[in-house]
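The values are calculated or read from the model by the stated rules, or taken from the named source; none is laboratory data. Only a predicted model underlies this, so the values are computations on that prediction, with no experimental measurement involved. Reconstructed Cβ throughout: ideal geometry from the backbone, glycine too, with neighbour counts over all protein chains shown.
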Amino acid sequence: MVTVVVGTQWGDEGKGKVIDYLAEKVDIIARYQGGANAGHTVVVKDKKYIFHLIPSGILHPDKICVIGNGVVIDPISLFEEIEFLKKNGIEVEKKLFIAENAHITLPYHKILDQVEDKFRGKGKLGTTGRGIGTTYTDKYSRIGIRVIDFIDDDVFMEKLKIALEVKNYLFKEYYKEEILSPEKIFKDYEFYRREIKKFVVNTSIYLNEALDKGKKILAEGAQGTFLDIDFGTYPFVTASNPIAGGVCTGLGISPKKIEKIIGVAKAYTTRVGMGPFPTEIKDEIGEKLRQIGSEFGATTGRPRRCGWFDAVLVKYACIINGIDELILTKLDVLTGFEKIKIGVAYKYGNEILNNYIFDSKKFSNCEVIYEELDGWKENIENIKDYKDLPKNTKKYIEKIEELTGKKITKISTGSSREQIIER
Ligand code: IMP
């Protein structure tokens with residue numbers, strides 16, 4: 001059956017480490033959405049690996065990894081990752097399968113993503129500039145190029161010409177950018193088109209056959225619930241569905257096959273890019289969280305905005321994802337804070353809001369109602385048993401459980417594989 005790992009905040013919850021940890025118990029790890037905007041970090045024996053496209057399960061020698069049809073693939077980024085893994089003694093061939101019907105990100109998607117965001121002025125989203133939104137836009141405009149089209153000479157050229165017809169007009173007449181030649185792109189991508197063939201299959205058939213044989217699949221989400229195109233803080237969202245609902249369309253498997261949904265929540269909240277963030281801390285406490293938690297984007301290096309845990313958001317994430325259990329990450333970062341706050345509701349004028357709201361005027365301007373807890377000073381990084389955690393740490397964990405209504409089954413207390421408490 002399928003287990004899903006989903007982010008319950010604005011991404012960067014520490015899903016990379018969680019997936020690496022859970023990969024031990026499954027046969028296949030499959031990414032279902034997003035693209036090279038993601039940055040999943042895994043630390044093994046002091047070596048840091050950052051994955052943008054390849055599922056973080058690849059570090060396990062006996063596991064198969066799948067990049068599903070819901071993912072948008074930048075071949076340059078993909079092969080940079082493959083090369084990096086090879087250099088570190090990790091073989092990818094026969095361990096990685098890529099969906100024939102996933103869409104390809106090409107140079108014009110990246111350029112357009114960057115210039116579009118610049119032209120948005122005050123409405124700037126602060127995208128990663130990786131061509132994510134623009135690749136999905138082409139997919140929905142039916143001028144996208146799928147992996148299966150990319151590897152066929154004639155089809156690729158034909159589709160490239162169609163896509164560039166509009167893009168070049170925009171570049172020349174509106175954005176004042178250089179126009180791109182289909183022949184040059186065709187030539188520049190020769191290596192990638194040849195090499196990617198080794199990995200391409202119908203992953204929906206592969207995954208369903210694996211399920212029929214009783215294999216276990218871990219579906220790896222990128223980004224998080226509040227970056228979801230439908231349920232996030234629109235328009236400050238990514239262009240895909242990171243929520244558990246995205247698994248079925250992003251992998252081609254039936255909802256009936258999903259057995260368990262695990263939510264990953266960071267012990268505080270972060271967000272990269274623009275958009276509302278009610279529990280954001282703009283003073284030195286926020287800066288302290290950023291420094292201790294190394295809160296700088298794994299993909300763009302941008303400083304992440306930091307704030308207190310928002311229980312209203314995580315509770316909503318639990319509802320729409322159907323989360324069975326939570327994994328709490330980076331709890332060690334909160335060590336040493338005198339007081340720790342948790343957002344429990346919002347206030348807009350005289351109105352108390354107990355639920356996440358889509359009204360961006362209210363959500364951007366609401367006050368947060370907090371519960372304040374006493375912090376702890378003891379180092380928790382090497383604690384293995386829940387009962388050995390300081391009293392106040394346990395109180396904090398149990399308060400989150402009470403507010404979200406979900407059991408926290410694992411607690412991560414550091415970046416390495418070993419730093420995890422099972423309950
Ligand atoms: P895009 O996904 O590059 O289009 O960016 C849209 C928004 O999602 C921006 O605010 C990004 O900073 C944010 N975003 C995209 N991917 C991630 C991620 O993996 N972690 C955190 N934020 C992300």
Inset, instruction - Answer with yes or no whether Thr393 is under 20 Å from Thr8 (Cα atoms) and in contact (Cβ under 8 Å) with a residue 40 or more places away in the chain. - result: no
Inset, instruction - Tell me which of these Lys161 doesn't satisfy, since it passes every other one: (1) over 24 Å from Ser254 (Cα atoms); (2) in contact with a Gly (Cβ under 8 Å, 6 or more places away or on another chain). - result: (2)
Inset, instruction - Of the numbered conditions (1) under 26 Å from Pro55 (Cα atoms); (2) surrounded by 18 or more Cβ atoms within 10 Å (Cβ to Cβ); (3) under 22 Å from the mean Cα position of the chain (by Cα), Gly126 fails exactly one; give the number of that condition. - result: (2)
Legend entry - Residue in segment 59-82 that is within 26 Å of Arg146 (Cβ to Cβ), modelled with pLDDT under 95, outside any loop (DSSP other than H, G, I, E, B) and assigned by TED's automatic domain parsing to the domain that holds Ala219 present: no
Inset, instruction - Sort out which residues of segment 309-345 are under 18 Å from Pro242 (Cα atoms) and acidic (Asp, Glu), and write them in order of number. - result: Asp324, Glu325
Inset, instruction - Return the total of residues in segment 84-98 being among the acidic types (Asp, Glu) and closer than 9 Å to Phe199 by Cα. - result: 1
Inset, instruction - Kindly list the number of the only condition in (1) more than 24 Å from Val201 (Cβ to Cβ); (2) of a type in the set (Phe, Trp, Tyr); (3) over 22 Å from the mean Cα position of the chain (by Cα) that fails for Tyr140. - result: (3)
Inset, instruction - Could you pull out the residue among Val43, Val4 that is away from the ligand (no atom under 16 Å from the Cβ), within 18 Å of the chain's Cα centre (by Cα), surrounded by fewer than 24 Cβ atoms within 10 Å (Cβ to Cβ) and in a strand (DSSP E or B)? - result: Val43
Legend entry - Conditions (1) of a type outside the set (Val, Ile, Thr); (2) touching a Ser or Thr at 6+ places or on another chain (Cβ under 6 Å); (3) more than 30 Å from Ser360 (Cβ to Cβ); number of the one not met by Asp149: (2)
Legend entry - Count of residues meeting criterion [within 14 Å of Ile340 (Cα to Cα), β-branched (Val, Ile, Thr) and within 23 Å of the chain's Cα centre (by Cα)] in segment 276-293: 2
Legend entry - Only listed residue being free of Cβ contacts under 8 Å to residues at least 24 places away in the same chain and within 12 Å of the ligand (Cβ to nearest atom), chosen from Asp212, Asp228: Asp228
Legend entry - Residue in segment 195-211 that is loosely packed, with under 15 Cβ neighbours inside 10 Å and either over 29 Å from Asp154 (Cβ atoms) or touching a Gly at 6+ places or on another chain (Cβ under 9 Å) (or both) present: yes
Inset, instruction - Would you mind telling me which numbered condition in (1) at pLDDT 95 or above; (2) not assigned by TED's automatic domain parsing to the domain that holds Val43 Thr300 fails? - result: (1)
Inset, instruction - Mind counting the residues in segment 15-28 that are surrounded by fewer than 24 Cβ atoms within 10 Å (Cβ to Cβ) and within 11 Å of the ligand (Cβ to nearest atom)? - result: 0
Inset, instruction - Tell me, yes or no, whether segment 305-312 has at least one residue that is modelled with pLDDT of 95 or more and surrounded by fewer than 16 Cβ atoms within 10 Å (Cβ to Cβ). - result: no
Inset, instruction - Look at segment 126-156 and say how many of its residues are in a helix (DSSP H, G or I), over 22 Å from Lys198 (Cβ atoms) and out of contact with any strand residue (DSSP E or B) (no Cβ under 8 Å at 6 or more places or on another chain). - result: 4
Legend entry - Residues of segment 269-312 that turn out to be of a type in the set (Ser, Thr, Tyr), in contact (Cβ under 8 Å) with a residue 40 or more places away in the chain and away from the ligand (no atom under 11 Å from the Cβ), as a count: 2
Inset, instruction - Examine segment 106-120 for a residue that is assigned to a loop (DSSP other than H, G, I, E, B), more than 14 Å from the ligand (Cβ to nearest atom) and modelled with pLDDT under 95, and state whether such a residue exists. - result: no
